[in-house]
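Peer 1: Before I ask anything, let me first share the structure, which is written out below as structure tokens.
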Amino acid sequence: MPGLTHYLILAAALFALGMFGLLTRRNAVGVLMSIELMFNAVNINFVAFSRFLTPEALTGQIFAVFIITIAAAEAAVGLAIVMLIYRNFRGIEVDKINFMKW
Amino acid sequence: MGFNWILISPEIAVLATGFILLILDLFIGKSRGFLLTAVSFIGIMVALWLNYQNYSIMGVGFQGIVINDPIGFYFKIIFCMGTLLTVFISSTYVSREMKGMGEYYVLIFIATFGMMVMASSADLITIFLGLEVMSIPLYVLAGIHRGRLRGREAAMKYFLLGAFASGFLLYGIALIFGAYGSTNLVEISQRFLFSSGFSGILTGAGMVFLLVGFGFKIAAAPFHMWVPDVYEGATAPVTAFMSAGPKAAAFAVLFRLFSVFQPVISDNFTTILWILAVITMLWGNLLALSQKNIKRMLAYSSIAHAGYVLIALTVGGRDGISAGLFYLLIYTIVNIGAFSIIIFFSGKNEKYENISDYAGFGYKYPFAAIAMTVFMLALAGFPATAGFAGKYKIFVAAINSGFIWLAIIGIFNSLVSVWYYIGVVVSMYMKQPRDESPTVILSMTLMVAVLVAFIGTVYLGLFPDDWIALSDWAGSHYSWASIVGSLVR
């Protein structure tokens, strides 16, 4: 039976993976997916804390629902920006978008 | 315990104005841009008036997720001032450069709504929602100009790093939730007595993550990489808006969180904030010295100003918070004033953005040049301008609380900053003008904005007493325990 610690370690590993992907991916869509990974790591944290620490209150799970909603809104805006970048720069490699010094 | 709508009436006014603008934009022609400006003006005035009505009401509403206290009251004045000035400087710009897009105003108002929610929330869920409601319109605003390729790039960079910061912020909130089993700040502060070593570790780690997340939003030094590019790439009115309100909103949350968690976080946090303040000031000022583009220069200067407010955060308590509030108010007025002159000088399509382009403008546009000189001196902190009053209050607060070295480093940094602010004045008055002269377009609303910012800068520099008293009053209500004790639910 997995305990709270197992879930927290899984979430921390996923968060670190997302961060690693965000820093190393060149493709903008890959970067967006890494951000989603970070958000979902946080969701695991919330749901695990909610299940093990406050089983009678639902705050943690409601927060996870809010995060999913916000992540969807962010992804919508993010993909729109990626579309514009593709139209103007003919590519979505983040390291090639450098009119201004980074 | 019903829903106390009065507590969030300023927020409702701002959001309603946004929706009215959205619908109004459908029915009026693109040439009637002034109608949108007028409605925006009325909306902000209504919000300010409603905020003033809430002046004496302190309370927690909506099952404890919304709090109305003097600090929130003060921050809402700052946001309304910032949005008011932004609407005025944008009016002609939007109809000239962006073919009168109504969405522009709608996004500004929704972002302002998000900031106000951030400043007046007493729950980590609403703080996060407010932050996202503020940030998502800003990502769009950064790239809203159709013909501006650099704006697209700015939107991309802002979005990626902003979402990255949100991830850190959420992880921090999750750890704090794990420590106390609640996201409500009132409930959390009541559970401090029963906290164990485990929750102490989780709180410490959570606060570090929160500091990283908000460090991106306030543009503190190790997390500032996006600032110069986004400020340069976005159009000037958007940059003016971005540099004032969102920074103040992130500071509002930081002030609140650090006063709530004061009893449980260790003294190491003072050291962390101390180092963060010093790095931010030094990095911003030193890199600003070598900038040629004026928007990029002001971007680094805004990093440096975040460093000065971080001094106030380090000091904390009544003195620190009142100094920080007063400084953010002044910074909002002066910085948007400086950007309004940039909009005036940069001409069509923002062609003239380099400091060297302003050569000879001191004689060509005497009034605008005088206003720009005053704004630059105020940003540098010259006596008799508002910037001096703000910096004086911060440094005095630091010295009184025993942070002598922090004050000395801050004063040294203000001296360094004089160099690059004066560079703009020197370019306007003492350089030979170029052959091709930019065509500058006069605009009524822009002039009003410049006038308001100018009067504000001089007035707050010469007679700051009323506003200092107001910020002291707001700062004296920092203590979370006394607020929670005296609340009418």
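Peer 1: Between B:Ser121 and residues 5 or more places away or on another chain, which pairs have amide H atoms under 5 Å apart, with H built 1.01 Å from N, and which residues are they?
Peer 2: It is B:Ile67, by chain and number.
Peer 1: Under 24 Å between alpha carbons, and skipping anything fewer than 8 positions from B:Lys99 in its own chain: which lysines qualify?
Peer 2: Of all the lysines, those that pass the test against B:Lys99 - Cα under 24 Å, at least 8 places apart if same chain - are B:Lys30, B:Lys295, B:Lys348, B:Lys351.
Peer 1: Right, something else. What are the trypsin sites (Lys or Arg not before Pro) within the stretch A:45-91 that DSSP puts in a loop, where the Cβ has at most 11 other Cβ atoms within 10 Å? Present the calculation step by step, with values, prior to reporting the outcome.
Peer 2: Details: sites: A:Arg51, A:Arg87, A:Arg90; in loops: A:Arg90.
Those satisfying the criteria are A:Arg90.
Peer 1: So what's the back-of-envelope 222 nm ellipticity for chain A, counting only DSSP H runs of four-plus at -39500 (n - 2.57) apiece and dividing by all residues, rounded to 500? Numbers along the way, then the final one.
Peer 2: Working: 3 runs with 77 residues, N = 102.
Using -39500 (n - 2.57) per qualifying helix, the result is -27000 deg cm²/dmol.
Peer 1: Another question, if that's okay. Can you give the three extents of the C-alpha atoms in the protein assembly as shown along their principal axes, from longest to shortest, in whole Å?
Peer 2: 79, 56, 47
Peer 1: Which whole number gives the average count of other chain Cβ atoms within 10 Å of the Cβ atoms across peptide A:51-59? Working shown, then result.
Peer 2: Numbers: counts 0, 2, 7, 5, 0, 0, 2, 0, 9.
That works out to 3 on average.
Peer 1: Quick check: the angle from helix A:59-89's long axis to the longest principal axis of chain A, C-alpha only, nearest 10 degrees?
Peer 2: So the helix axis and the longest Cα principal axis differ by about 10 degrees.
Peer 1: If you don't mind, there's one more thing I want to ask. Helix B:197-218 versus the longest principal axis of chain B: what is the Cα-based angle in degrees, 0 to 90, to the nearest 10?
Peer 2: On a 0 to 90 degree scale, this one is about 10.
Peer 1: For the stretch B:310-363, run through the trypsin sites (Lys or Arg not before Pro) and keep only the ones in DSSP coil with at most 15 other Cβ atoms within 10 Å of their Cβ. All intermediate terms of the calculation are to be shown ahead of the outcome.
Peer 2: On the way: sites: B:Arg318, B:Lys348, B:Lys351; in loops: B:Lys351.
Hits after loop and neighbour filter: B:Lys351.
Peer 1: Can you pull the mean other chain C-beta count within 10 Å for peptide B:158-166? Mind showing how you got there, number by number?
Peer 2: Working: counts 1, 10, 10, 1, 3, 14, 8, 0, 8.
Taking the mean over all residues of the peptide, I get 6.
Peer 1: Quick one: if the Förster radius is 45 Å, what FRET efficiency do A:Val65 and B:Arg146 give, using the C-beta to C-beta distance and rounding to 0.05? Show your work: numbers first, answer last.
Peer 2: Working: r = 36 Å, r/R0 = 0.80.
That pair, A:Val65 with B:Arg146, gives E of 0.80.
Peer 1: Which angle between 0 and 90 degrees, to the nearest 10, do you get for helix B:124-142 versus the longest principal axis of chain B when only C-alpha atoms count?
Peer 2: 10 degrees
Peer 1: Other chains near B:220-233: what is the mean number of their Cβ atoms within 10 Å of each residue's Cβ?
Peer 2: Details: counts 0, 0, 0, 0, 0, 1, 1, 0, 3, 6, 1, 1, 3, 2.
For peptide B:220-233, the averaged partner shielding equals 1.
Peer 1: May I ask you to list the aspartates and glutamates whose Cα is less than 18 Å away from that of B:Lys157, ignoring any residue fewer than eight positions away on the same chain?
Peer 2: A:Glu36, A:Glu74, A:Glu93, A:Asp95, B:Glu132, B:Asp229, B:Glu232
Peer 1: Please report the relative contact order for the stretch A:4-96, taking Cα pairs under 8 Å with a sequence separation of at least 6, and give it as a percent rounded to a whole number. Walk me through the numbers on the way to the answer.
Peer 2: Values: 84 pairs, mean separation 28.1, N = 93.
It comes to 30 percent, rounded to a whole number.
Peer 1: Enumerate the whole-percent occupancy of each 10 Å bin, from 0 to the last occupied one, for all C-alpha pair distances of the stretch A:4-96.
Peer 2: 17, 37, 28, 13, 4, 0
Any read-out appearing in this document is the output of simple, stated calculations on the displayed coordinates, not a laboratory observation. If you're wondering where the values come from, they're calculated on a predicted model, not measured in any experiment. Glycine also receives a Cβ, built like all others from the backbone with ideal geometry; neighbour counts cover every protein chain displayed.
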